[in-house]
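The structure under discussion appears below in the form of structure tokens.
The values are calculated or read from the model by the stated rules, or taken from the named source; none is laboratory data. Since we're looking at a predicted model, the values are computed, not measured. A quick note on method: Cβ atoms are made from the backbone with ideal geometry, for glycine too, and the neighbour counts reach across all protein chains shown. Remember, those area values only see protein heavy atoms, side chains included, never the ligands or the DNA or RNA. Shrake-Rupley method; radii C 1.70, N 1.55, O 1.52, S 1.80 Å.
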Amino acid sequence: MESFVVQGGKRLEGSLRVDGAKNAALPILAACVLTGDDVLLRGMPDITDVRRMIDILRMLGCRVIHQGHDITVSARDIGCCEMPDALSKQIRSSIFMLGPILSRFRRATVTYPGGCEIGLRPIDLHLSGLRALGVVIAEEGGVIHCDGRQMHAGEVHFDYPSVGATENVMMAAACLPGTTTIHNAAREPEIVDLQGFINALGGRVRGAGCATITIEGVDALHGADWTPMPDRIVAGTLLAAAAITGGQIELTNAPTSDMTAINAKLREMDCDVREEGSRILLSAPERLTAFPVLQTQPHPGFPTDMQVQMLALLSVAEGTGVIVENVFENRFTHAGDLNRMGARILCSGRTAIVRGVDTLYGARVTARDLRGGAALVLAGLRAQGETIIDHAALVDRGYEAFERQLSQLGADIRRIKANT
Ligand code: UD1
């Protein structure tokens, strides 16, 4: 097991470039299966979730060349429509493969996916979306068999705007003759990026970013060269890291227009946040001010993936604030660790009430999911003394060399191999 060791008290300063977005990269990798031609993806984040998706593509028979941030995928010789069981269980995004595999083979088999333990995370919306396109689905012992021989374009209405289900249906419908419409689609920016990618392959998708997405099926898709959008959650986490230390940083290549909810909350905490094109400059006061309420919502609301980092910030802010988690039912699992460090957080169901304290104290704590692990690192940056965050591998799922990026900004953080 690897752990991060943080010596708190360093003020972060400097400039960093934001990497490609995990949540854009993963569905785009899945969408590579839609064409037999080569696809070149540039500026991809070098994180473990991307590596696992590459493993899945390879096991399905794709040729993948992975060199740093560039990935070339050729799905010409893909010969398998059964998702590898062990890998599917490791990564929730494996469910994205259903749509593209159905598009290529008209049948697919997948095990219930895994991923971060942040809630029940069912896949009923993915399956209902595919059923609306004529897919016949049988579930048996945790395995889902999809028969797409009668697939057709259609009307999909989601009860809830699920990000993954919206993306799955977009990919499944890209080559179905006729027009597919998705109603109550998720509006996350990464869905706009996926639309751009499918269209670069020769697809005809429009409306992403709005609640109605229309897909005109084309006969076939071809290769493309694509760079995914930068990661708004990584950018937000770095801003939060600077904010919790009273620091001053600049981010370049930031998706500023997709970060209004995050930046607004940081301003409420008395940070000076300036957006200049794709640059964001943040200057934080010595002590943050508590915002009264933060509620997570689907985009353009405040992103759930930034909630726990804000919980860490609120822990040391002046005053009392409330966070309501509306997207996932189990996303305050790190409050206990923050309290061990001296925070005063009271959780009840989907609500956390936080009374800001002057000081956090270093402790040995445990990352339980990707964003929670990052939030504990932020708390460690502010804490007096040494904080050890176990299970660094969970953070590696979505942050590329997190300790290196923070060190570049002046943090005292290193990675160790710890005894379990
Ligand atoms: C994506 C993101 C994840 C982010 C989440 C919400 C990727 C790879 N991951 O996850 O980082 O936290 O959006 O912004 O893009 N739900 C159902 N049934 C379903 C699908 C979802 O009930 O079939 C529920 C989930 O349990 C959850 C909510 O809908 O409570 C949101 O999930 P969804 O939007 O699907 O998130 P993901 O696509 O899994």
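General observations
- Taking all protein chains together and a 1.4 Å probe, the residues H66, H222 rank H222, H66 from largest to smallest accessible area.
- Heavy-atom surface of the chain, accessible at 1.4 Å and reported per residue (Å²): 37 Å²
- The chain: C-alpha gyration tensor shape, a/c 1.5 cut-off, then a/b vs b/c: prolate
- Rounded to 5, the percent of DSSP beta bridges in segment 22-226 classed as antiparallel: 75 percent
- Cα gyration tensor shape for segment 276-317, rounded if a/c is under 1.5, else prolate or oblate: oblate
- Rounded to whole Å, sorted largest first: equivalent-ellipsoid semi-axes of segment 288-420, Cα gyration tensor: 23, 17, 14
- Cα-based shape type of segment 22-226, given that a ≥ b ≥ c are square roots of the gyration tensor eigenvalues and the cut on a/c is 1.5: rounded
- Relative contact order of the chain, taken over Cα pairs closer than 8 Å and 6 or more residues apart, is 21 percent.
- Alpha-carbon centroids, segment 312-353 and segment 1-43: separation in whole Å: 27 Å
- Separation between Cα centres of segment 50-129 and segment 222-263, rounded to whole Å: 26 Å
- Element breakdown for segment 22-226 at a 1.4 angstrom probe: carbon and sulfur atoms account for 48% of the accessible area.
- Take the Cα of D85, step 7 Å toward its Cβ, do the same at Y361, and the gap between the two points is 4.9 nm.
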